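Inspection log for the structure reproduced underneath, given as structure tokens.
The values are calculated or read from the model by the stated rules, or taken from the named source; none is laboratory data. Being a predicted model, the structure only gives us computed values, none of them experimental. A quick note on method: Cβ atoms are made from the backbone with ideal geometry, for glycine too, and the neighbour counts reach across all protein chains shown. We work out accessible area using only protein heavy atoms, side chains counted, and drop any ligands, DNA or RNA first. Shrake-Rupley method; radii C 1.70, N 1.55, O 1.52, S 1.80 Å.
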Amino acid sequence: MRLQRLWLTDFRNFASAELELDEGLTVVIGRNGQGKTNLLEAVAYLAELGSFRGVSTDDLVRAGMPSAVVRAEGERDGRSLLVEAEINRVGRNRVMVNRQRLQRSRDLLGAMRVSVFAPDDLAVVKGGPGLRRDYLDATLVSARPRLDELRLALEKILRQRNALLRQSGGRLSDDVAVTLDVWDARLAETGEKLAAARAALVERLAPAVAAAYERLAEVPSEVSVRYEPWWRQEGLAAALVVGRDEDLRRGVTGVGPHRDDLELAIGGMPARSQASQGEQRTLALALRLAAHEVVTDEAGSAPVLLLDDVFSELDPARQAALVRWLPEGQTLLTTAGDLPAGIAPGRVLTVEAGTLRPGGPGGGDGVDGGAEPADADGGP
Amino acid sequence: MSPYAGPVQDLIDELGRLPGIGPKSAQRIAFHLLKLPTPDAQRLATAITEAKARVAFCQRCFNVCEGELCDICADPRRDGNLLCVVEEARDLVAVEKTGEFKGRYHVLQGAISPIEGIGPEQLRIKELLVRLDPEGVQEVIVCTNPNIEGEATAMYLARLLDPLGCRVTRLASGLPVGGDLEYADELTLGRAIEGRRTLDAS
């Protein structure tokens with residue numbers, strides 16, 4: 001999938017904008033608050049029908065306007081693809097692919113794919129297990145859209161089982177026991193499937209993360225990524241039986257894929273608590289690049305890689321390493337300041353207060369002359 | 001404070017309690033009813049009262065009926081060996097429309113869903129169990145919906161009925177007849193692959 005052209009109308013701070021994207025690297029330069037991230041958010045919206053910043057769609061519409069439109073023209077498998085989304089403050093949002101209205105948002109899955117790296121990704125390394133599960137499941141669904149069904153089924157079963165646990169008042173009457181058996185069986189079946197899919201993914205992800213980390217850090221590093229829930233030894237059905245008394249007392253399900261963690265370690269030490277800030281940032285980026293690689297491999301074509309303010313996260317050596325090892329395929333990258341040496345974007349855009357213009361910032365405001373990117377460098 | 005005068009608000013509130021009707025629809029229907037000529041409105045009111053007064057649930061299968069037994073339970077030509085278990089009376093109508101099923105039915109009046117406070121006790125499951133022996137049921141076909149709650153109910157019934165020596169079968173999930181494979185959603189197609197059959201070559 002390659003994006004060629006993007007139109008925004010009343011999206012965030014863009015009243016109206018049109019931009020062309022390079023088939024390789026496009027760099028968007030702008031000071032903070034000018035709308036760089038909004039551009040990436042618009043592209044990601046077309047793929048995911050939601051904001052990667054986790055805000056409601058209301059926030060995506062320009063102040064005082066009833067609706068926003070994001071439209072992208074591109075190419076997939078040699079065919080042209082037009083994806084259009086209308087985001088309404090009131091009423092339903094609408095999505096059209098090649099002028100055909102989608103009946104279900106599920107139908108969009110896979111029409112356009114993106115991999116997003118944003119500064120918030122640091123939380124995947126530093127934050128709680130829930131964020132790592134989200135990272136894992138999002139990668140899973142991106143690689144194999146059908147698995148979203150499994151994730152949703154698990155959520156529903158858990159809600160039902162937890163409701164039953166709470167109603168029992170902590171006591172296992174015969175009635176509750178028989179019904180609980182049924183929910184346990186459903187949970188075990190769905191949970192085992194999801195965990196098996198996650199484990200298979202991690203098997204491919206782990207070497208890719210380690211390799212990406214080493215490329216960025218430029219020193220041999222021992223990065224390990226492991227998904228080994230203890231319950232997979234004995235099986236979820238058995239683990240639920242063991243945990244049943246505790247579950248009844250607490251009114252929630254204490255074991256299952258919804259409680260698992262993806263263990264990240266550098267040099268044998270947990271990355272969350274023992275790694276330096278620089279190592280954590282590098283690992284966060286390595287996780288995203290590895291996911292991008294695995295999804296590319298699985299889906300047969302590269303998602304559009306969106307890197308938001310990625311250089312501010314890295315020291316100059318790692319910035320240069322990222323530039324050197326940027327994955328093939330289409331990349332849209334934003335930066336507030338200097339471009340690292342050696343970067344050769346096919347296209348450079350400057351964003352200022354919601355307007356776009358081609359080329360680097362003219363006045364040298366915030367970007368000094370030495371790093372001024374030249375359009376001529378990167379081809380047409 | 002309600003924005004409308006007493007009786008109007010009462011009507012909106014009552015309509016809003018119906019399934020699938022939100023506050024806005026309730027308001028729209030209420031004002032539509034108010035505009036109706038009086039005889040038309042009367043006819044609707046009478047239809048509701050009459051239905052409530054005359055229609056009850058079949059004492060055997062809990063289908064809707066007038067009188068003690070529904071037409072199907074009262075029909076001696078029906079095959080008593082086969083019992084089809086459905087969630088709602090409208091599911092029974094759907095199965096009945098196929099013309100394929102000649103047995104009798106049992107309406108559970110719901111599916112197990114702890115979130116909605118529905119457990120096996122709230123369903124007509126005890127009433128199902130007492131029917132098996134006297135009616136000589138050989139096979140129970142579980143026709144609950146293929147969603148989380150329907151599947152859980154099916155599994156519950158299977159576990160309950162299996163020790164009683166009754167054959168329990170589940171409705172197959174798969175492709176709609178006359179449709180095209182390319183239009184089938186992946187989940188349905190996946191299920192259909194799981195539930196494939198050997199072709200009879202003779």
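Data table
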{"read-out": "All-pairs Cα distance distribution in segment B:76-198, expressed in whole percent, bin size 5 Å", "value": "2, 10, 19, 21, 19, 15, 9, 4, 1, 0"}
{"read-out": "Lysines whose Cα lies under 25 Å from that of B:K102, excluding same-chain neighbours fewer than 8 positions away", "value": "B:K126"}
{"read-out": "Under 11 Å from the A:R204 label point (7 Å along Cα→beta-carbon), backbone N, segment A:260-291", "value": "A:291"}
{"read-out": "Degrees between helix A:174-217 axis and first principal axis of chain A (Cα, 0 to 90, nearest 10)", "value": "30 degrees"}
{"read-out": "Total accessible surface hidden between B and A, rounded to 100 Å², 1.4 Å probe", "value": "1700 Å²"}
{"read-out": "Rounded accessible area of B:E139 (nearest 10 Å², 1.4 Å probe)", "value": "40 Å²"}
{"read-out": "DSSP bridge orientation in segment B:76-198 - percent antiparallel, rounded to nearest 5", "value": "5 percent"}
{"read-out": "Whole-number D in µm² s⁻¹ for the protein assembly as shown, Kirkwood Cα-pair radius fed into Stokes-Einstein, 37 °C, 0.692 mPa s", "value": "116 µm²/s"}
{"read-out": "Segment A:35-66-segment A:135-170 distance, computed between alpha-carbon centres (Å)", "value": "26 Å"}
{"read-out": "Summed side-chain charge close to A:Q233 - residues other than A:Q233 whose Cβ falls under 15 Å, Lys, Arg +1, Asp, Glu -1", "value": "-2"}
{"read-out": "Label-point gap, in nm, between A:R89 and B:R78 - each point 7 angstrom along Cα→Cβ", "value": "5.7 nm"}
{"read-out": "Computed FRET value (nearest 0.05) for A:R2 with B:E116, which takes r as the C-beta separation and R₀ as 56 Å", "value": "0.75"}
{"read-out": "Principal axes of segment A:121-301: Cα extent on each, largest first, Å", "value": "61, 37, 25"}
{"read-out": "For the protein assembly as shown, calculated [θ]222 nm from helices alone, where every DSSP H run of n ≥ 4 adds -39500 (n - 2.57)", "value": "-13500 deg cm²/dmol"}
{"read-out": "Other protein chain Cβ atoms within 10 Å, averaged over every residue that makes up B:154-162", "value": "2"}
{"read-out": "Chain A: relative contact order as a whole-number percent, Cα under 8 Å and 6+ apart", "value": "24 percent"}
{"read-out": "Qualifying trypsin sites (Lys or Arg not before Pro) for segment B:141-202 [loop in DSSP, other Cβ within 10 Å: at most 12]", "value": "B:R196, B:R197"}
{"read-out": "Heavy-atom surface of the protein assembly as shown, accessible at 1.4 Å and reported per residue (Å²)", "value": "52 Å²"}
{"read-out": "Nearest-0.05 FRET efficiency for B:D13 and A:R357, computed from C-beta distance (R0 56 Å)", "value": "0.45"}
{"read-out": "Global geometry of segment A:37-139, whether rounded, prolate or oblate, following the gyration tensor of its Cα atoms and the 1.5 cut on a/c", "value": "oblate"}
{"read-out": "Part-to-part distance (alpha-carbon centres) for segment A:201-271 and segment B:140-186, which is given in Å", "value": "34 Å"}
{"read-out": "Carbon/sulfur fraction of accessible area - the protein assembly as shown, other protein chains in place, 1.4 Å, %", "value": "50 percent"}
{"read-out": "GNM top mover of B:A94, B:A192, B:A158 - chain B, alpha-carbon springs below 10 Å", "value": "B:A192"}
{"read-out": "Rounded to the nearest 10 Å², the accessible area of A:I266 at probe 1.4 Å", "value": "20 Å²"}
{"read-out": "Long-range amide H partners of A:S115 with built H, under 5 Å", "value": "A:V304, A:L305, A:L306"}
{"read-out": "Phi to ³J(HN,Hα) by Karplus 6.51 cos²θ - 1.76 cosθ + 1.60 over segment A:7-22, Hz, x for Gly, Pro", "value": "10, 10, 10, 6, 9, 6, 8, 9, 5, 7, 8, 9, 9, 9, 10, 6"}
{"read-out": "Under 24 Å from B:K35, Cα to Cα: lysines that are on another chain or at least 8 residues apart", "value": "B:K24"}
{"read-out": "Reduction of at least 50 Å² in accessible surface, 1.4 Å probe, comparing all protein chains with the chain by itself, residues of segment B:101-127", "value": "B:P114, B:I115"}
{"read-out": "Total formal charge among the other residues, if their Cβ is under 12 angstrom from that of A:P66, Lys/Arg +1 and Asp/Glu -1", "value": "-1"}
{"read-out": "Extension gain, B:V93 back to B:Y4 (0.36 nm per residue minus Cα-Cα distance, nm)", "value": "28.1 nm"}
{"read-out": "About the Cα centre, charge dipole magnitude for the protein assembly as shown (Lys/Arg +1, Asp/Glu -1 at Cβ), debye", "value": "1240 debye"}
{"read-out": "Total formal charge among the other residues, if their Cβ is under 15 angstrom from that of B:R78, Lys/Arg +1 and Asp/Glu -1", "value": "-2"}
{"read-out": "Stretchable slack from A:N32 to A:V241, in nm (0.36 nm times residue separation minus alpha-carbon distance)", "value": "69.9 nm"}
{"read-out": "DSSP bridge orientation in chain A - percent antiparallel, rounded to nearest 5", "value": "70 percent"}
{"read-out": "Integer Hz, Karplus 6.51/-1.76/1.60 couplings in order for segment A:345-353, x for Gly and Pro", "value": "x, x, 8, 10, 10, 10, 10, 9, 6"}
{"read-out": "Segment A:A341-A:E228, length gained on full extension (0.36 nm per residue, minus Cα span)", "value": "36.6 nm"}
{"read-out": "DSSP-assigned coil residues among trypsin sites (Lys or Arg not before Pro) in segment A:72-142, each with at most 10 further Cβ atoms within 10 Å", "value": "A:R92, A:R99, A:R104"}
{"read-out": "Solvent-accessible area lost in complex, 50 Å² minimum, residues of segment A:177-225 relative to chain alone, 1.4 Å", "value": "A:T179, A:V182, A:W183, A:R186"}
